[in-house]
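Quick notes on the structure that follows.
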Protein chains: 2
Amino acid sequence: MIVSGFSGAGKGTLMKRLLESHDNYALSISMTTRAPRPGEIHGKHYFFVEKDEFEKTIAEDGLIEYAQYCGNYYGTPKSYVEQCLNEGRDVILEIEIQGALKVKKKFPEAVLVFVTPPSAMELRNRLIGRGTETKEVIDKRLSRAVEEAQGIENYDYIVINDELDRCVEDIHAIVMALHCKTNRSISIIEEISKELNEISKGEEK
Amino acid sequence: MIVSGFSGAGKGTLMKRLLESHDNYALSISMTTRAPRPGEIHGKHYFFVEKDEFEKTIAEDGLIEYAQYCGNYYGTPKSYVEQCLNEGRDVILEIEIQGALKVKKKFPEAVLVFVTPPSAMELRNRLIGRGTETKEVIDKRLSRAVEEAQGIENYDYIVINDELDRCVEDIHAIVMALHCKTNRSISIIEEISKELNEISKGEEK
């Protein structure tokens with residue numbers, strides 16, 4: 001599952017709460033060439049690597065997707081995602097829309113979820129509410145938000161983050177529903193039909 | 001949403017529990033020409049009507065689907081389903097696969113869910129477990145079960161009824177996820193994008 005959303009839509013808090021309240025999830029960890037910030041831990045917040053290692057990983061097709069931003073590489077290592085999937089966990093990738101759509105093309109089984117505040121005013125209030133950004137930055141983000149929604153019509157689900165706990169349960173419901181998709185369980189029905197045939201035959205004897 | 005399943009899969013109990021634990025659901029009520037059994041209430045268990053009224057409803061295209069069984073008509077009246085949908089409720093129809101597939105053709109937005117016990121043996125045990133049927137009836141049901149699964153590959157979801165409460169929550173998750181489908185909420189994103197544009201313009205003045 002890939003989760004995207006407007007900056008300020010509350011994705012971070014949402015993911016944190018989802019992972020706290022349900023034990024089936026794993027959050028994908030990105031690989032980056034930027035320097036760690038104080039408090040950031042290698043293998044928890046990011047996999048911090050040198051430029052040549054990142055480019056070697058690209059060459060080996062070891063990334064699900066990657067992009068360059070402010071002179072640094074950011075990408076999603078395949079190996080960590082595959083490891084989590086093999087452990088039977090539901091892996092969540094946080095990627096912006098354009099990257100997410102590329103992943104969907106490569107992996108059609110990926111499910112795209114967009115998180116949005118209930119209104120533009122609410123979004124603006126949240127951006128201001130943080131109190132950590134200048135007016136200029138906020139305005140820039142607002143105009144960027146319009147761009148951030150480009151391609152949304154290709155998404156599978158939209159989750160409205162008006163109430164955190166309900167929003168967490170919406171995302172959980174989407175994942176639980178995916179587990180019930182017919183293609184995942186049709187073998188059980190085929191097995192039952194086969195067994196029923198055998199029972200019937202057995203009783204006729 | 002249309003729920004189907006093997007006889008003995010526990011659909012009845014499941015639906016009862018779902019309606020008790022969540023208040024967004026309405027169970028569709030069938031129309032039939034068969035006589036009421038003791039305790040059955042018109043408008044609750046069935047809409048009991050005369051043959052000519054049933055055929056008039058068919059002629060008026062007032063049924064979502066109908067079938068004849070043991071000389072009696074059974075069908076799903078459109079009006080009751082539409083009334084519940086207009087009240088904002090999630091309507092559940094209990095129909096066998098062949099009827100369900102016909103409904104899906106007419107109403108592609110219908111979602112098909114198949115309920116199954118975890119194994120053929122479990123299914124057989126449940127049928128015997130009721131203690132109300134003869135061995136002959138049980139055997140007939142077992143061989144019918146094989147037929148009942150024909151067409152299952154066209155279903156959207158399969159829910160395994162191994163533990164009642166989990167199964168109820170699976171069905172609820174499927175419905176909650178459907179509410180998050182992009183086509184249902186894309187207007188919110190369009191609205192936000194429009195408003196953000198206006199905010200940006202307003203601040204430039």
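From least to most packed, judged by other beta carbons within 10 angstrom and beginning with the fewest, A:Leu19, A:Leu123, A:Leu178, A:Leu14 follow the order A:Leu19, A:Leu178, A:Leu14, A:Leu123.
The separation of region A:47-125 from region B:1-33, counted between C-alpha centres, amounts to 40 Å. Shape analysis of region B:28-88 places it in the oblate category; the axes a ≥ b ≥ c from the Cα gyration tensor give an a/c of at least 1.5, with a/b not above b/c.
Cβ-to-Cβ counts within 10 Å put B:His172, A:His179 in ascending order as A:His179, B:His172, the fewest first. Where both bridge residues fall in chain A, DSSP classifies roughly 30% of the beta bridges as antiparallel. For region B:46-134, GluC sites (Glu not before Pro) are listed when DSSP marks them as loop and at most 12 other Cβ atoms sit within 10 Å of their Cβ; the list is B:Glu50, B:Glu60, B:Glu87, B:Glu109.
The mean number of partner chain beta-carbon atoms within 10 angstrom of a residue's beta-carbon across peptide A:139-148 is 4. Applying both filters, DSSP loop and at most 11 other Cβ atoms within 10 Å, to the GluC sites (Glu not before Pro) of region B:153-205 gives B:Glu163. Amide hydrogen proximity for B:Tyr25: with H placed 1.01 Å from N in the peptide plane, the residues at 5 or more positions away or on another chain lying under 5 Å are B:Asp90.
Between this copy and the others, label points of A:Asp165 are 1.7 nm apart in ascending order, each placed 7 angstrom from Cα in the Cβ direction. Need the list of lysines near B:Lys44 for cross-linking: C-alpha distance under 22 angstrom, and skip anything on the same chain fewer than eight residues off. The reachable lysines, counting only those whose Cα sits under 22 Å from B:Lys44, are B:Lys11, B:Lys16, B:Lys56, B:Lys78. Among the trypsin sites (Lys or Arg not before Pro) in region B:90-184, those located in a DSSP loop and surrounded by at most 12 other Cβ atoms within 10 Å of their own Cβ are B:Arg130. Put simply, the amide H of A:Met31, placed in the peptide plane, has neighbours under 5 Å in A:Phe47, A:Gly75, A:Thr76, leaving out anything fewer than 5 places away on its chain.
Using the Karplus relation 6.51 cos²θ - 1.76 cosθ + 1.60 with θ = phi - 60°, the per-residue 3J(HN,Hα) values for region A:24-39 come to 8, 9, 9, 8, 4, 10, 7, 9, 9, 9, 6, 6, x, 8, x, x Hz, with x marking Gly and Pro.
Between identical copies, the spacing of B:Lys16 label points, each set 7 Å from Cα toward the C-beta atom, reads 4.5 nm from nearest to farthest. Under 16 Å from a label point 7 Å along Cα→Cβ of A:Glu53: give me every residue in region A:60-95 with its amide N that close. Taking a point 7 Å out along Cα→Cβ of A:Glu53, the residues of region A:60-95 whose backbone N falls under 16 Å are A:60, A:62-63, A:73-80. Calculated FRET efficiency, B:Lys135 to B:Lys78, Cβ-Cβ distance, R0 = 51 Å: about 0.80 to the nearest 0.05. Over region A:4-154, calculate the relative contact order: mean separation of alpha carbon pairs under 8 Å at least 6 apart, over the residue count, as a percent. Relative contact order here is 30 percent.
R0 = 41 Å: FRET efficiency of B:Glu96 with A:Glu96, Cβ-based, nearest 0.05?
E between B:Glu96 and A:Glu96, to the nearest 0.05, is 0.35.
Between amide H atoms placed 1.01 Å from N, distances below 5 Å from A:Val159 occur with A:Phe114, A:Val115, A:Thr116, all of them 5 or more places distant or on a separate chain. Extending 7 Å from Cα along the Cβ direction at B:Ile188 and again at B:His42 yields two label points whose distance is 4.4 nm. Copy-to-copy label distances for B:Asp52, where each label lies 7 Å from Cα along Cα-to-Cβ, are 9.4 nm in order of increasing length.
Any read-out appearing in this document is the output of simple, stated calculations on the displayed coordinates, not a laboratory observation. Here the structure is a predicted model, which is why all the values come from computation and not from measurement. Every residue, glycine among them, receives a Cβ derived from its backbone with ideal geometry; neighbour counts consider all protein chains shown.
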